[in-house]
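Worksheet: the structure to be examined is printed underneath.
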Amino acid sequence: MRSAIEKSEAMNNFYNQALHRYAVFTACCTFILLNAGALVTSNDAGLSIPDWPLAYGSFVPPFVGGIRYEYSHRVFAGFVAVLTAVLAAWLWRAEKRGWMRWLGVAALGGVIAQAILGGLTVKTFQLPPVSAAHGTLAQLFFSTLVAIAVFTSSWWLGDLPEFEDSGSPRVRTLVLWTLAAVFCQLVLGAAFRHKGFGIIPHLIGAVVVTILVFVTAGALKRRFAHVPALRNCARALHILIGVQLLLGGGAYWSRLYSAGFPQPIAVMVTLTVAHTVIGALVLAVTLVTTLLCYRMIRAEKSVANRARASEQVAH
């Protein structure tokens, strides 16, 4: 074990409080952007501005009808793109971990790709595959920024304890399957929201995700009740999946209820936007849980090697 002084020096070599706070701020702004994007889709305002990157041939169109949603979304997306560019440059300049510098580059690439997909969504008149890709990448981009905020925190850079997982299946395996299922479910949700196909695949995905979340969170609570970080992740997953299921049911009911209305009604917009952004939070929290499990829970091979080493010492 390293001495307290060595641990402190190692953390100081990496931790940058200003950078971490800026990463958190960028992630929070991106969450607001997700809300803005969901408002565009839920209000059927995606084609309220038929050209891109300009708006009716100018930089500032008239703020009437759905234009105010789409134009506000574009402006705030530009603001987040600038924040991300600064974050990537800051990481490249200040970070000593090479993979973190490249993660910043990946985030910048993600926001550029997102802007291109946004333009293509307009140019292709909201072609379902393009629109669904735009919605899915937005949530991946948000999760990337959340990961950067975690990786730059003093808590992550500290000397975290490691624990052994004696249960089966291993939590590391469970959490990976849950992360993959949540991501697939978000793809299915985006495809349904953008009229790529019906509700059935999304409902099946909801069942799979719910089962995996409860199994994973339950395993974390049972096996690592004494580890606050893992216990809190399990609690957050339980709460978020419960809220998400309620919002999903409410959003689908509101769509059916308002089907005959000439334009989207407030209750449908509110429930759909909430369901969309909570889905992004589920992905982000599942990713953070996965990162913590791989950081704090020893791999199965590591446990086996320790057991063999102990046997050799005993003999």
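The values are calculated or read from the model by the stated rules, or taken from the named source; none is laboratory data. Since this is a predicted model, take the numbers as computed values, not measurements. Cβ placement follows ideal geometry from the backbone for every residue including glycine, while neighbour counts extend to all protein chains displayed. These area figures cover heavy atoms from the full protein model, side chains too; ligands, DNA and RNA do not enter into them. Shrake-Rupley method; radii C 1.70, N 1.55, O 1.52, S 1.80 Å.
Is at least one residue of the range 11-24 touching a strand residue (DSSP E or B) at 6+ places or on another chain (Cβ under 8 Å) and either closer than 20 Å to Ala115 by Cα or modelled with pLDDT of 85 or more (or both)? No, because not a single residue in the range 11-24 is touching a strand residue (DSSP E or B) at 6+ places or on another chain (Cβ under 8 Å) and either closer than 20 Å to Ala115 by Cα or modelled with pLDDT of 85 or more (or both).
Among residues of the range 19-34 that are in contact (Cβ under 8 Å) with a residue 24 or more places away in the chain, those with a Cβ under 6 angstrom from a residue that is outside any helix (DSSP H, G or I) and surrounded by fewer than 20 Cβ atoms within 10 Å (Cβ to Cβ), sequence gap 6+ or separate chain, pair up as His20/Ser153. What do you reckon, is Ala81 assigned to a helix (DSSP H, G or I), at pLDDT 95 or above and more than 24 Å from Ser48 (Cβ to Cβ)? Considered against the rule, which asks whether it is assigned to a helix (DSSP H, G or I), at pLDDT 95 or above and more than 24 Å from Ser48 (Cβ to Cβ), Ala81 comes out as no. Leu271: modelled with pLDDT of 95 or more and either open to solvent by less than 50 Å² (accessible area, probe 1.4 Å) or closer than 17 Å to Leu174 by Cα (or both), yes or no? Answer is yes for this residue. Checking each residue in the range 228-263 for being part of a loop (DSSP other than H, G, I, E, B), open to solvent by 20 Å² or more (accessible area, probe 1.4 Å) and either on the phi > 0 side of the Ramachandran plot or without any contact (Cβ under 8 Å) to a residue 24 or more places away in the chain (or both) picks out Ala259, Gly260, Phe261, Pro262. Of all residues in the range 89-112 being under 19 Å from the mean Cα position of the chain (by Cα) and closer than 13 Å to Thr152 by Cα, which is most open to solvent (accessible area, probe 1.4 Å)? So the residue we want is Leu103. Here Glu70 clears all of (1) touching a helix residue (DSSP H, G or I) at 6+ places or on another chain (Cβ under 8 Å); (2) among the acidic types (Asp, Glu); (3) not in a helix (DSSP H, G or I) except the condition numbered (3). Against the test of being in a helix (DSSP H, G or I), touching a residue at least 40 places away in the same chain (Cβ under 8 Å) and within 24 Å of Leu188 (Cα to Cα), the options Gly104, Gly110, Gly118 yield a single qualifying residue, Gly118. Among residues of the range 130-143 that are of a type in the set (Ser, Thr, Tyr), those with a beta-carbon under 7 Å from a residue that is in a helix (DSSP H, G or I) at least six positions away or on a different chain give the pairs Ser131/Thr121; Thr136/Leu186; Thr136/Val187; Thr136/Ala190; Ser143/Leu283; Ser143/Ala284; Ser143/Leu287.
None of Gly189, Gly167 is in a loop (DSSP other than H, G, I, E, B) and open to solvent by less than 30 Å² (accessible area, probe 1.4 Å) except Gly167.
Looking at Ala133, Ala115, just one residue is buried (at least 16 other Cβ atoms within 10 Å of the Cβ) and either on the phi > 0 side of the Ramachandran plot or out of contact with any Leu (no Cβ under 9 Å at 6 or more places or on another chain) (or both), and that residue is Ala115.
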